Every structure is written in C-alpha cells, then in structure tokens.
Amino acid sequence: MKRIKHSVFDAEAFLASAGVSRKVLKYERKATIFTQGKSSKNVMYIQEGGVRLTVVNEVGKEAIVAILGPGDFFGEVCLSGQKIAQVTATAITPTTVLVIEKDEMVRVLHTEHAFSDRFIKHMLSRNIRVEEDLIDQLFNSTEKRLARTLLQLASYGKTEHPEKLIPKITQETLAEMIGTTRTRVNFFMNKFKKLGYIHANGGLHINSSLLSVVLHD
C-alpha cells in the first residue's frame with residue numbers, strides 16, 4: 001500500500017505570503033490601521049515596520065498600550081468573540097502587515113501545532129512586555145525609557161540576531177512612545193550619539209552598548 005506523504009506546515013511561509021483568507025497591506029507612517037470602538041474581525045501580523053496601540057478614555061486622554069514590531073501579532077482579541085476594537089492601531093513607520101481572517105486564524109491554530117506554539121509564545125511574551133512597560137513608566141528615568149524603547153525597536157532580546165538599523169523615526173514619535181517631550185528626547189539622543197551608542201546614517205543604527213543605559217542602576 002502506497003503511503004501518502006503529508007507536506008510539513010511552514011509557519012514562516014504562511015506569515016510571509018498572502019492567500020485566499022489573508023492579504024498583505026502596506027501603511028504609511030501615522031496611518032490608522034484600525035480604530036478603537038470600530039469593528040474588529042481580523043488578526044494582524046507585522047512583517048515590516050512598527051505599530052503603536054493606544055487607548056482613549058471618556059475624557060479624551062490618550063495612553064500608549066504597546067509598541068509592536070516585526071514578528072508581532074495584534075488584533076487577536078477577535079479570537080475571543082470580541083467584535084469591537086478596544087485600542088487604536090497606528091503605523092509608527094512605513095509598515096507592512098499580513099491581515100489574517102478570523103476563521104483562517106482559528107483553523108490554523110487548531111490544525112497546525114507549530115503555528116499554535118508560536119502564537120502562544122508570542123502572547124506570553126506580550127504579557128511579560130506589558131508588565132515591563134508598566135514598571136518602566138512607573139520607576140525608570142526618561143533616559144532609561146528611551147534607551148529601552150530604541151532597543152525594543154531593534155528587537156534586542158527578542159531575536160537571536162537583532163536589527164542594528166531601524167527605520168527612521170521622528171523624535172516626536174519617540175516622545176509619544178515614552179511619555180515625555182521632544183526636547184527631552186533630543187537631549188538624550190544627542191547624548192547617546194556622543195557616547196557612540198547610536199548613530200544616524202540612512203536610518204538609525206543601534207549599538208548593543210546602549211544596553212548599558214538600561215542595565216545601569
């Protein structure tokens with residue numbers, strides 16, 4: 001009896017290409033991907049760029065919930081049956097996103113263990129990062145928050161080979177991300193450049209030596 005060979009599911013290939021139930025969309029910097037209070041029915045995966053998740057309360061005060069980069073999922077609340085987005089997602093740099101329909105995401109999570117394991121690992125990492133972000137905002141200086149954000153954008157600690165060059169990002173955006181003024185960001189960015197932690201040339205180069213700012217007591 002001839003044995004039927006089953007093809008091995010390739011999670012990376014799935015997340016890198018479009019299909020019947022998924023499509024690739026590109027967003028310019030500051031473009032809104034979805035809005036708080038509007039319909040939420042897809043899971044999204046960042047292929048390139050970065051996304052900021054924010055929430056606005058009843059009196060109009062905005063707070064940053066998370067800053068996401070390549071390899072991150074968002075919009076996953078639709079999997080729990082929640083039909084309304086609780087946050088607004090905005091591209092912080094030119095961004096490429098894979099949009100996966102809810103039913104397709106559920107199917108793959110149920111049938112492909114490699115993909116399911118990756119998604120669960122992502123969610124656990126996200127929860128840990130949210131806790132770290134809260135601690136960062138409550139207890140760390142502006143200088144440490146800025147250094148940590150730059151390292152996060154470069155995926156330090158997230159991948160085996162972090163990006164040394166991150167897409168160009170404005171000081172205004174960095175100020176919004178860490179909850180300070182552009183003037184303070186400018187001061188510390190100049191300090192980091194003088195110390196050789198970062199340098200700008202066709203983008204922003206992040207050196208691993210910037211970790212010393214985060215680790216310094």
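The values are calculated or read from the model by the stated rules, or taken from the named source; none is laboratory data. This is a predicted model, so every value here is computed, not measured. Here the Cβ positions follow ideal geometry from the backbone for every residue, glycine too, while neighbour counts run over all protein chains shown. For the accessible areas, the whole protein counts, side chains as well, though only heavy atoms, and no ligand, DNA or RNA atoms are used. Shrake-Rupley method; radii C 1.70, N 1.55, O 1.52, S 1.80 Å.
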Contacts under 6 angstrom Cβ, first residue in segment 168-190 being of a type outside the set (A, V, I, L, M, F, W, C), partner in a helix (DSSP H, G or I) and surrounded by fewer than 13 Cβ atoms within 10 Å (Cβ to Cβ), 6 or more apart: ARG182/GLU172
Residue in segment 139-157 that is part of a loop (DSSP other than H, G, I, E, B), at positive phi and either of a type in the set (D, E, K, R) or surrounded by 18 or more Cβ atoms within 10 Å (Cβ to Cβ) (or both) present: yes
Segments classed as strands (runs of 3 or more DSSP E), wholly inside segment 1-120, with at least 1 members that are touching a Phe, Trp or Tyr at 6+ places or on another chain (Cβ under 7 Å): 32-34, 42-48, 51-56, 62-68, 88-91, 95-101
Hey, ARG107 more than 22 Å from the chain's Cα centre (by Cα) and open to solvent by 80 Å² or more (accessible area, probe 1.4 Å) or not: yes
VAL65 being open to solvent by 50 Å² or more (accessible area, probe 1.4 Å) and without any contact (Cβ under 8 Å) to a residue 12 or more places away in the chain: no
Boolean, ILE100 is out of contact with any Pro (no Cβ under 7 Å at 6 or more places or on another chain), open to solvent by less than 20 Å² (accessible area, probe 1.4 Å), at negative phi and not polar (S, T, N, Q): yes
